[in-house]
Amino acid sequence: MTWTSPDGASSALTGRRMAFALALVAVGGALLRAAPLLAPGGSAAIDVNYDEGVYLTGSALLARGFLPYRDFVFVHPPGLLLFLLPITSGAHADPASFLTSARLLAIVLGALTIALVGIVTWRAFGPLAALAAALLYATHPETVHEDRGPFLEPLLNLLCLAMAAVWLNRRDGRLSAGRALAAGALLGLAFGVKLWAGIWLLGALATLPRDGRGRSAAGLLLGTAAGAALVIVPFALADPAGFLAQVVGFQGLRHSQGVASLGLRVGHMAAMSALALPAVVVVLSRWREAPPAGKLFTTVYLLTVASFLVSAVYFLRYTSYLAVSSSALGGFTIAWLDERVRRRREVVSMRPATLTLAVLLTATLCQSAAAFVNSLRYRSPWQLELRETLRSRVPGEACLLALEPGWGLLGGRLPSYSGRWKGAVDPHAWMVLTRLGGDDRALLDGSAAPAGEPQEELRGLLGGCRFLVVGGWGLSDETRDWLARGWVRRFPPSPAEGPDLWERTAGSP
């Protein structure tokens, strides 16, 4: 078989027409991501994810001179905090605007990744595969959601794919030393965002060029070390013990979270990447003659799946990190199917181009529908009421602390930072690291709450402010009674959806 699409069905998808087609898909993908922001309430009505609040609040505190690991708990490398600085560094900017700006920036990153997926796949497998890959990534349900907020994956995916674009751009199968260094530097920047970038490092090492393997490996590793050091080392040196405990040790302290069933994990990943599986089989069965791109994406895909299966933590949105490799491989599957149909046209009544287009459109329309339905799950109109309550009831000079920092951002507020409040940015991670109760499953889903002496530390954190925004997780019955004795609930007026705003009463302990 050939590894690129033959002439015929894809003959029109060349040159300028192909570039226009990829640009059109990227714009369409951006509109799909932006659509919920255009509904009544705008960005403020879209569910503020816990992680969004952590990243934006951490970046805003960094812009104001506070360092992650030393001054506040942060359990990832600092790359995303640095990337968000242009948004969060405005001295007089309303923190409520950070969320809208960051979401628009994420949509731009998603559009760039859509186009780059198509370009890399075009070089490797031909124009038909490129169009399919771009469409699959543009409509991937979990990626559509992640590309709508300041999450790690949009930036991580773009950097890893940019590395792949440089790494796979070879002449006569050879890779120059400069390209190896550049690919490594991009990968190092990706390490500065999330340690999952190590999967792409292994994928690159599995696809070293035949000529100059040692030189290419050295350039890749040197560039990776330099890029990662540029982002990480200045902050790690400020508090080495804190960095190791938070970025490395935190993962070891976590208990099972999210989807625990291996069967459900496998089923979800398979559903999100069904078209990639035939390509994986084809590449593995003909590994020696497979092109570097096929080997790279297959290695990354399999290692990502394996890491998700053995991890104690798995949330459905994690498949957004799988989307780059699965979309590229899905594009190859479409091109492979087109070629197979051409060879066996005598047993197929439909024209090969028509059949291929039908499969492609069916796949992308199904994913688009799933992405749209998925977006409806993330609308929280009560946030509009919380936003207005925080602005009207909490004086600007008053101390405010939210157990989910995104709730404070809705009202235009950053944590009233104090040096002893290392948990102000990420209270959940802080409670895990201080081993409050020793079981972070209770902290996450509210099924139980740690009791006894550790809750005294939590009350010490909460008790330092006049106003609190708290939800259902992490509070024992004793702590709830403590709130009821010394605080007055200001929002919502009766038990309803969303968190509670509490105000300390005069003379309360």
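Here the condition is being at pLDDT 95 or above, open to solvent by 40 Å² or more (accessible area, probe 1.4 Å) and out of contact with any Asp or Glu (no Cβ under 7 Å at 6 or more places or on another chain); of Pro240, Pro234, it holds for Pro234 alone. Just one of the listed residues (Gly149, Gly58, Gly42) is closer than 25 Å to Trp407 by Cα and open to solvent by 10 Å² or more (accessible area, probe 1.4 Å), and it is Gly42.
How many residues does the range 84-95 contain that are surrounded by 23 or more Cβ atoms within 10 Å (Cβ to Cβ) and not hydroxyl-bearing (Ser, Thr, Tyr)?
1
Does any residue of the range 426-442 turn out to be within 30 Å of Asp94 (Cα to Cα), of a type outside the set (S, T, N, Q) and modelled with pLDDT under 75? Looking for residues that are within 30 Å of Asp94 (Cα to Cα), of a type outside the set (S, T, N, Q) and modelled with pLDDT under 75, one finds none in the range 426-442, hence no.
Restricting the range 309-319 to residues that are in contact with a His (Cβ under 7 Å, 6 or more places away or on another chain) and part of a helix (DSSP H, G or I), which is least open to solvent (accessible area, probe 1.4 Å)? Step through it out loud before you land on a result.
To start, the set of residues in the range 309-319 that are in contact with a His (Cβ under 7 Å, 6 or more places away or on another chain) comprises 312, 316-317, 319.
Now drop any that are not part of a helix (DSSP H, G or I), which leaves 316-317, 319.
Values: Leu316: 68, Arg317: 42, Thr319: 1 Å².
Here the residue is Thr319.
If I filter the range 105-127 for residues that are part of a loop (DSSP other than H, G, I, E, B), surrounded by 22 or more Cβ atoms within 10 Å (Cβ to Cβ), of a type outside the set (Ser, Thr, Tyr) and under 21 Å from the mean Cα position of the chain (by Cα), do I get at least one hit? Within the range 105-127 (the criterion being part of a loop (DSSP other than H, G, I, E, B), surrounded by 22 or more Cβ atoms within 10 Å (Cβ to Cβ), of a type outside the set (Ser, Thr, Tyr) and under 21 Å from the mean Cα position of the chain (by Cα)), the answer is no, since none of the residues qualifies. Take Phe332 and decide whether it is open to solvent by less than 10 Å² (accessible area, probe 1.4 Å), at pLDDT 95 or above, out of contact with any strand residue (DSSP E or B) (no Cβ under 6 Å at 6 or more places or on another chain) and in a helix (DSSP H, G or I). No. Could you say whether any residue in the range 210-224 is within 28 Å of Val73 (Cβ to Cβ) and in contact with a helix residue (DSSP H, G or I) (Cβ under 7 Å, 6 or more places away or on another chain)? Yes, some residue in the range 210-224 is within 28 Å of Val73 (Cβ to Cβ) and in contact with a helix residue (DSSP H, G or I) (Cβ under 7 Å, 6 or more places away or on another chain). Scanning the range 61-82 for residues that are part of a helix (DSSP H, G or I) and crowded, with 24+ Cβ neighbours inside 10 Å yields a total of 3. When Ala183 is tested against (1) open to solvent by 40 Å² or more (accessible area, probe 1.4 Å); (2) among the hydrophobic types (A, V, I, L, M, F, W, C); (3) touching a Leu at 6+ places or on another chain (Cβ under 8 Å), just one condition goes unmet, and that condition is (1). Checked against (1) closer than 24 Å to Trp336 by Cβ; (2) outside any loop (DSSP other than H, G, I, E, B), Ala274 passes all but a single condition, namely (2). Residues in the range 186-227 that are touching a residue at least 24 places away in the same chain (Cβ under 8 Å), within 22 Å of the chain's Cα centre (by Cα) and surrounded by fewer than 23 Cβ atoms within 10 Å (Cβ to Cβ): Lys194, Leu195, Trp196, Ile199, Leu202. Hey, could you check the range 401-410 for residues that are out of contact with any helix residue (DSSP H, G or I) (no Cβ under 6 Å at 6 or more places or on another chain) and open to solvent by less than 10 Å² (accessible area, probe 1.4 Å) and say which is modelled with the highest pLDDT? Out of the qualifying residues, it is Gly408. Among the conditions (1) in contact with a helix residue (DSSP H, G or I) (Cβ under 9 Å, 6 or more places away or on another chain); (2) crowded, with 20+ Cβ neighbours inside 10 Å; (3) at pLDDT 75 or above, the only one that Gln455 does not satisfy is (3). Within the range 136-164, residues that are under 17 Å from Leu195 (Cβ atoms) sit with their Cβ atoms under 7 Å from residues that are open to solvent by 10 Å² or more (accessible area, probe 1.4 Å) and aromatic (Phe, Trp, Tyr), at 6+ positions apart or across chains, in these pairs: Leu155/Phe83; Leu156/Trp196. Just checking, does the range 160-169 include any residue being β-branched (Val, Ile, Thr) and open to solvent by less than 20 Å² (accessible area, probe 1.4 Å)? So far as the range 160-169 goes, no, none of its residues is β-branched (Val, Ile, Thr) and open to solvent by less than 20 Å² (accessible area, probe 1.4 Å). From the list Leu275, Leu264, Leu302, Leu296, the one residue that fits, being modelled with pLDDT of 95 or more and open to solvent by 30 Å² or more (accessible area, probe 1.4 Å), is Leu302.
The values are calculated or read from the model by the stated rules, or taken from the named source; none is laboratory data. Small disclaimer: the values here were computed from a predicted structure and weren't measured. Every residue, glycine among them, receives a Cβ derived from its backbone with ideal geometry; neighbour counts consider all protein chains shown. Keep in mind that these areas ignore ligands, DNA and RNA; they rest on the heavy atoms of the full protein, side chains included. Shrake-Rupley method; radii C 1.70, N 1.55, O 1.52, S 1.80 Å.
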